[in-house]
1. Considering only DSSP beta bridges where both residues belong to the chain, give the percentage that are antiparallel (nearest 5).
2. Rounded to the nearest 20 debye, what is the charge dipole size of region 23-141 about its Cα centre when +1 sits on each Lys and Arg Cβ and -1 on each Asp and Glu Cβ?
3. Please give the charge dipole size of region 110-262, origin at the Cα centre, charges +1 on K and R Cβ atoms and -1 on D and E Cβ atoms. Round to the nearest 20 debye.
4. Considering only protein heavy atoms and a probe of 1.4 Å, how much of the accessible area of region 1-143 is carbon and sulfur, as a whole percent?
5. How many lysine pairs in the chain, separated by 8 or more positions in sequence or lying on different chains, have Cα atoms less than 19 Å apart?
6. Along the positive direction of the dipole of the chain (beta-carbon charges: Lys, Arg +1; Asp, Glu -1; about the Cα centre), which of Ala305, Met32, Ser108 reaches farthest?
7. Rounded to the nearest 20 Debye, what is the dipole magnitude of the chain about its Cα centre when Lys and Arg each give +1 and Asp and Glu each give -1 at the C-beta?
8. Pop out the Kirkwood hydrodynamic radius of region 4-137 from its pairwise C-alpha distances, inverse of mean 1/r, in Å to one decimal.
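The values are calculated or read from the model by the stated rules, or taken from the named source; none is laboratory data. Fair warning: this is a prediction, and the values are worked out from it, not measured in the lab. Counting neighbours? That spans all protein chains shown, and the Cβs are built from the backbone with ideal geometry, glycine included. In case anyone asks, the SASA skips ligands and DNA or RNA and just uses the protein heavy atoms, side chains included. Shrake-Rupley method; radii C 1.70, N 1.55, O 1.52, S 1.80 Å.
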Amino acid sequence: MSGLRIDPKKILYLATIIEHGSLKSAAKALDMSQPALTTSMNRLEEELGMRVLERGPSGVVPTATGEILYCHARLIRDEISLAARALLSAQGGNPGIIRVGSLPSLASSIMPIALSRWRDIHRERELEVVEVPQIDLLTGLLRREFDFVFGFTECYDLENGLRQRVLFRDKLCVIARAGHPLASERNLQWEVLVSYPWVCPTARRSHVILDAALRKANVAPPEQMTVCGSVTLLKSLVVNGDHLAVLPAHAVRVDLDEGRLCRLDVTDPVLDRNIAVFFREGYQLDEPSRDLVSLVGSVGQELSAREKERAALEASAPPEDVVTKLEAEAPVPAP
């Protein structure tokens with residue numbers, strides 16, 4: 001298999017055929033004749049000694065070999081696009097869209113405010129923001145799917161080739177539904193918490209913060225764990241059952257104030273984390289990118305300071321007085 005010679009142009013053609021579902025449509029998209037495209041695919045199959053497409057009256061579909069090649073063809077195509085974009089930017093041309101990754105827990109609160117303020121400054125620049133778990137943020141950054149990402153610093157195994165800059169300190173809390181059996185308990189320990197079902201806001205990997213807390217306390221993981229990548233779904237599971245979860249206080253503030261969720265009395269230094277911007281070694285942020293990073297940092301600092309103030313007030317005043325005082329101070333997107 002190591003002696004195979006694969007023509008990159010042909011597998012890029014293959015990707016276009018698979019995406020269009022027919023040779024005719026793909027040939028039109030590629031601005032070439034259908035017979036020429038068919039010949040190219042026949043030669044690809046001859047060179048590989050394998051079939052890559054199944055042809056039928058309703059179109060074409062990839063074989064298992066075709067699917068493998070398609071995955072790699074997409075990466076090649078993305079790399080070519082990124083190279084063209086980098087060259088254009090280096091020559092002072094239009095750098096195009098800014099592609100940013102964000103933790104889902106930031107996308108529900110901090111990012112909307114920061115993005116609204118950024119858009120007031122940069123009205124014409126294109127921006128794409130994708131919310132994915134930490135593991136996908138870092139791997140996507142290494143694959144150049146993102147220009148930079150916002151994640152937490154407590155992850156050390158994927159940072160070769162990456163740089164980070166801490167923006168603010170994030171306060172996490174253990175949440176439950178209003179009226180949960182543990183809602184009135186004080187000084188809760190992890191041994192008690194893991195006896196309930198948990199929901200984890202990540203994908204393809206255990207919860208980094210929860211794992212760290214349980215290791216430190218020498219406590220086994222929960223027997224029941226549901227993993228999801230959506231903060232909205234996570235909160236719905238908590239509201240509608242006895243699930244517990246860990247989220248930043250700012251991400252659940254509205255739910256706490258409206259009484260759908262409650263914060264359990266859990267004290268652990270592990271529940272504090274640093275939020276940072278990550279970018280590839282050698283990558284240079286342009287002015288709009290620097291402004292976005294700065295705004296995410298400032299909004300994060302605002303909301304973190306607000307949560308600290310709330311915690312201090314809650315220790316000395318009725319909850320309704322805390323809500324009344326802080327509602328008027330809540331940061332809102334600029335009109």
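1. Looking only at bridges with both residues in the chain, the antiparallel portion is about 65 percent.
2. For this selection, approximately 300 debye.
3. 280
4. 54
5. Lysine pair count for the chain: 8.
6. Met32
7. Dipole size: approximately 840 debye.
8. 17.9
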